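Structure first, commentary second.
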Amino acid sequence: MSVTGAAAYKKRAGMLSIQEELLPPILVWKSIDSSVPVPVVELPLRTLTNLQATPVTLEKMMLKVVSKGPEDPETLVTTVFSFNHRPTMNNIRDALQQIISRQKTVIQPGLSPAPGDATQANDAPANGSLGTFSSTDSLTEAKLLRNHTLQQKLLRAQPALFTAFQETVIKGGLHPDEFWSTRIHLLRTFALESSQRRGPYNVLSTIKTVATSDNQVNVSISIDKIQAIFEQYPVVRKAYDENVPKLSEGEFWTRFFCSKLFRKLKGEKIGVYDKGDLILDKYCLINLDYLEKEDEEDEEHIPRFLDLEGNKDDNSQKLGNGPDVTMKGDNNPEIVLILRSMNKLSTKIVSNCVPHGETFEELEKEKEEELEFKDLEETQPMSYIELHVNSQHNSNSSKTDTEVTIADADKVDAGLPEFKEKMKDYFTTELDLTELYSAPSRKRSAEEAFKDTIQMIKANTKQLKQTWNVTSVESLFSGVSVVNVTTDIDSSLPDADLETLRLTQATSMEFLKHFWVNFTNRKGVSAAGNPAMVRKLYASLKKCQERVESSIQLVAAQNPVKPEPETEKSEGEAVEKPVDNVHERHARDYMGSISRSLLVAIDSYESAVKKVGGVL
Amino acid sequence: MEELKGANGGYAWEDEYQRSWDIVKEDDGGSLEGIVTSLVEARKKRFMKNVTPFQRGIIRTMVLVVDLSSSMQEKDLRPNRASITISYAIDFVGEFFDQNPISQLGIVVMRSGVATLVSDVSGNPQSHIDNLRALRKLEPKGDPSLQNALEMSKGLLLHVASHCTREVLIIFGSLLTSDPGDIHKTILSLVVSKIRVRVIGLTAQVAICAEMVRKTNFGDSSLYGVILNETHYKELLMNAVTPLAISNQSLAETAPGFSLVEMGFPSRISETASPSFCSCHSKLTYGGYVCPQCLSKICSLPTVCPCCQLMLILSTHLARSYHHLFPLKTYVEVPVLTNYDTEFCFGCQIAFPAGVTPLEAQVLKAKEEAQWGMKKHMLTSSRYRCPDCQVSFCIDCDVFSHDVLHNCMGCESIRESPSKPTLSVNAI
Amino acid sequence: MDAIAESVFDNTMPHAAVDDTPSHLSVILETSAAGWLAIPQTTLKQVSEALLVALNAHLASNTSNQVSVLASGVQRSEFLFPTPEDTHAKHHNGTSTLVSSKLYSLFRHVDEEVLHRLDAHIQTEGNGCDKGTLAGGTSMALAYIRRCQAETAALKARILIISITDDSAIPYIPVMNCIFAAQKMKTSIDVCQLGPASSFLQQAADATGGVYMDVKHPQGLIQYLTTAFFVDTSLRPFMVLPSQNNVDFRASCFVTGGVVERGYVCGVCLCILKDVPQRNFCPVCGSRFDDLVISKLRRGPVVTRKKKRKTDALQTPLTPAAEQPEAVTDD
């Protein structure tokens, strides 16, 4: 198709036309009168760089075309055409603009897929698997532990984990497998999240154009989308394969999105006057069915089910004598084409679900099952296991035995009549309630009680800073017992030192964790466990103790306290009062809990070894 | 089949369509009181459930999958589906940990064709609630992918200990799912991994969801519910808080043998002089719970000790789940009589309505039919009796006992002397 | 008076706690004969006197305050006040016999009713069983509170238990159910313990924000009742309560009854056991345990030794206090 129009060049009348089907495509002006000095002006479209047109306000209609010179690409040649008819000029101007911008299409790096990649990726979704992480066995502990790339990715993604890793594995000497063995769930969730794929969907319907500020229209597509397009529309793939060496990537895609082919595949109606793309629209006319039916089997299967209702719908009697729109001839080819292409697309997407290799008989059986009336069948009642509880073994029950021993009954009996007698006496005379505070014995008791209460309150206020006392009223009434940690307790130590202590504590916790897991061996596979590992961890626990002590000393050294002047000799003795370093005391207190934990772990190992008669 | 017959003796669908507002008509005196109380009682009666004690999976691990696809922007639930779902989910998390304190929950979201982990599997309700609140800012878009969500849930539940149940609760608002592979294979793998799926649909019943629920629950399709309105939505969601009963079929398929779990019961210490680092957050705290095995200080229970991996709980946490295993028996309604032996409710001392002679009963029934056009009769004695101790309660105490208290006040308050046989009660 | 000013108190603005919401006080009085006879320092009469004064004080604090009293005996729990039949008023036409007639009529009404009904309750007591009815009394109190809260708009409630028996007479699960119900209803349970210390009631007070006190001077009970136990529900979050902080949270074994720090829980019926059961069956629900799980639990700590020894590992039961390691062959 070529756009033509009457135009004048150097005041000579002629015809200007854009010939795209020629090779190379050119812009040609031929004068009507062959006697002019320049009868023909040809500009290869590839050389066009710029276009200028006179504005609407001006009466003159002129179009200035700037192109690179034929011999020297640096020089620019300007050609001016004048028109009589504005619509013609607009037509030609738009077409030239499109061509120029197409050539200038810049592809963002990373967008262009190599055809090889496209084929690879196409295979994976087709066979219905989710990629490497879907199957259960690839998520087992063993595989995850060996997957070092995944581990590194996770470390990069989470800096806190990275610091912990650094401290324990690189500096502390913990084996990386041990480190990861307690963090398998982190690896697993990370693996799952990063390996997901999206299901197939109609790609073209999601591609939308975005208008930018300088009158350009951008379309953003990613490699995934391109691959999806190739998979769903083999026509496009064919077009790409055939055209890309000649055209650039960008140009190909620009042409594609402007072409009628794109609109047809999308399912939109194509008007007769829509501008399409010369090259790509050729592919509109290819019979898509022919392309795909190349590998199908030749057997014809006659279905055993007749859809009577469907046939009734198709019956022409309902619509007078005219058949249904899908059954008519080619009066309205666009509608039919749209329907056909949508159906084809849906079949392709659904075929991902249907397992391949199902025979025709199996498909028929499925259809038969579908047609059964399942709603009217009796539902199987669910039977659950009942819980029978033996109450005799329970010391907490409120259910009592039917035979209470005689001795018990006697015990209760004895007190009761006496009690009843006493009570009868009490409730005959009027009570003097003022006795409560007037009788001296009671007064004394009341004062004692008062003292008691005050003491308890005092004790409780000291412990007010117990974080479980400072819980909100809400959490008081919930089932979870929480000690509130959000409020930071002011510490007398500077922040940096606190952090050092914190880090040491966290590292020691890590080693303790591994020690206990291996020592108790509750979750291990083998009953014997790994005694050598336990021994190594025991040694590292001792090192942890040293580390804790050294960090306390470090903190103490950082905050030296001047010795008090009273450390003088008294009574002739050379008594040196040890410097009471407040900070050291605090640090030791803070690390109190971890020191106790280390101690108890070491003790239990030593006593266990002693019991077995082994040697430390 | 008798129950299916409608009031006219024919099929239920042949009855006249009953509009709830038609029932409410004033009686002679112009008061609505009588009809309102009977309606209220009728609704409360719905709380009666089957209460034989079943074996249930008490130690649970559940993954909550929330649909945040474009269909959740519909405004048929106010303000829109997504935000009401998140509010109900927050309530659900609170209730879930209230009733199942030793269980764990994880939250996954379906959006734009992929599944994203919102909250890791843990036993801390506050972190889940915070993550759900952050989810409000995320706009629903794209298509949901059931297969991706199921695969992710499967991965999360895979290495959970054998004594825990593995459950998935999906809130599904779309009518489609966009999957990268064969979802039937995924369903089969779920069955193999003993994961039970329940679905709450917001739009309509979707065949793949029904199949998923049926296959993973040994043929029981009752765990797939589609909501009728907001109240029903809340009801279905709260049903998932109750632990699942173990069916006989599942027992046959799995190896016989239940789990004994080792647990620690820590005591609380208070540190008056100086704080120390806690083992769970490495923060300075003034006290906490001390693990009996490794002496590390823990801030909140129930939890797994971060040091020695021993499960730590208080006995009160276990006690919260006892009422599922030893449920309170349903109270039986006392039939309408002329004379009753009780005048006041045993629990709250409220007065019961007086007895009616048969003649009066007839008159009342005729009045109901004539005036209010009701076919079903609402006359009730308002007395509900415990089958064990024969004590009568009012409807409010009945609902209170079954919903909140889980004790029968009569059985607990009356102990006969040893000469008579003791009353059997709802206890171990 | 000793100063109790501490740096922990800071100046806060007067809060909405200074509001006029009426408060409901529910008192549960234990009346087991054996229990009362075991306490020499005081008698039921003296305690009931103190109780009456405390009730009057509560009613005096706010015109819309309400009160209810229950008695929990060995055989029966019942309401002492309010009762729908109003026996005293019917029989005596409003004249008071047990309480001075100069008392304010509202107080007089309550006090007379309580005393008469208490008398009737004790006289009709019989013999019970080893578990008392405290759980029943608490349940009834909660039901009555629920009814009052439904009738009155904003009603705060709290429960005071005057207890004289120990844990052995308290059924565990019903009491735990009451505790959880009280938590849901935001009702605090205070415990005034005249008898031996009870860990269930300690847990009840701790879980619901109540006050637990072991009363050492029962003659001065009125002092306790009007100070420590008098704090209104709405004020509790802001006050330091004289409650015992050392709560014994440890569990008790279902089979032996001993204290359990580290134990085993049956996955089916959630019963707590001190040791792994000998024959792999749960003693309470009878379910059979998985052999592999049991063998893992019986494993001892992993240590290296020098000599090889063959001992039958499964026969050594584990005790949580001191782990006896199995001797494992080195192969």
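The values are calculated or read from the model by the stated rules, or taken from the named source; none is laboratory data. For clarity, every value in this text was computed on a predicted model and none was experimentally measured. All Cβ positions, glycine included, derive from the backbone under ideal geometry; neighbour counts span all protein chains shown. For the accessible areas, the whole protein counts, side chains as well, though only heavy atoms, and no ligand, DNA or RNA atoms are used. Shrake-Rupley method; radii C 1.70, N 1.55, O 1.52, S 1.80 Å.
Summary of values
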quantity	calculated
Solvent-accessible area buried by A and B, counting both chains, probe 1.4 angstrom, square angstrom	6900 Å²
Of all accessible heavy-atom area on region B:332-414, the percent that carbon and sulfur account for (1.4 Å)	58 percent
Accessible area in square angstrom per residue, region A:4-105, 1.4 angstrom probe	60 Å²
Exposure of residue C:68 as accessible area (Å², to 10), given a probe of 1.4 Å and all protein chains	0 Å²
Cross-link table A:143/A:536; A:104/B:141; A:420/C:186; A:104/A:282; A:30/A:68; A:420/A:443, entries beyond 32 Å C-alpha to C-alpha	A:104/B:141; A:420/C:186
P(r) of region C:250-301 over all Cα-Cα pairs, binned every 10 Å from zero, in whole percent	26, 56, 19
Fully extended contour minus Cα-Cα distance, from residue A:610 to residue A:305, at 0.36 nm per residue	101.7 nm
For residues of A:499-506, the mean tally of beta carbons on other chains within 10 Å	3
Cα gyration tensor shape of region B:60-248, rounded if a/c is under 1.5, else prolate or oblate by comparing a/b with b/c	rounded
Region A:136-195, accessible surface, carbon-and-sulfur percent (1.4 angstrom probe)	56 percent
Two-site FRET efficiency, residue C:123 against residue B:78, from Cβ-Cβ distance with R₀ of 56 Å, rounded to 0.05	0.40
Restraint check, A:523/A:611; A:171/A:611; B:194/C:296, Cα-Cα greater than 29 Å	A:171/A:611
Cα-centred dipole magnitude for region B:102-236, charges only on beta-carbon of K, R (+1) and D, E (-1), debye, nearest 20	140 debye
Per residue value of the accessible surface for region B:332-414 (all protein chains in place, 1.4 Å probe), Å²	45 Å²
Probe 1.4 Å, protein heavy atoms only - accessible area per residue of region C:250-301 in square angstrom	35 Å²
Difference of contour (0.36 nm per residue) and Cα-Cα distance, residue A:72 to residue A:451	125.5 nm
Kirkwood estimate for region B:332-414, i.e. one over the average of 1/r between Cα atoms, Å	14.0 Å
Percentage, to the nearest whole number, of Cα pairs in region B:267-325 over 20 Å apart	30 percent
Segment residue A:545-residue A:171, extension gain: residue separation times 0.36 nm, minus the distance between their alpha carbons	133.1 nm
Size of the B/C contact, given as accessible area buried on both chains, probe 1.4 Å, in Å²	5400 Å²
Region C:23-238: antiparallel DSSP beta bridges as a percent of all, rounded to 5	15 percent
Cβ-placed point charges (K, R +1; D, E -1), dipole of region A:4-105 about Cα centre in debye, nearest 20	280 debye
Minimum 10 Å² accessible area buried by the other protein chains, region C:163-185 residues, probe 1.4 Å, relative to alone	C:171, C:172, C:173, C:174, C:176, C:177, C:180, C:181, C:183, C:184, C:185
Buried accessible area, chains A and C (both chains, 1.4 Å probe, Å² to nearest 100)	7300 Å²
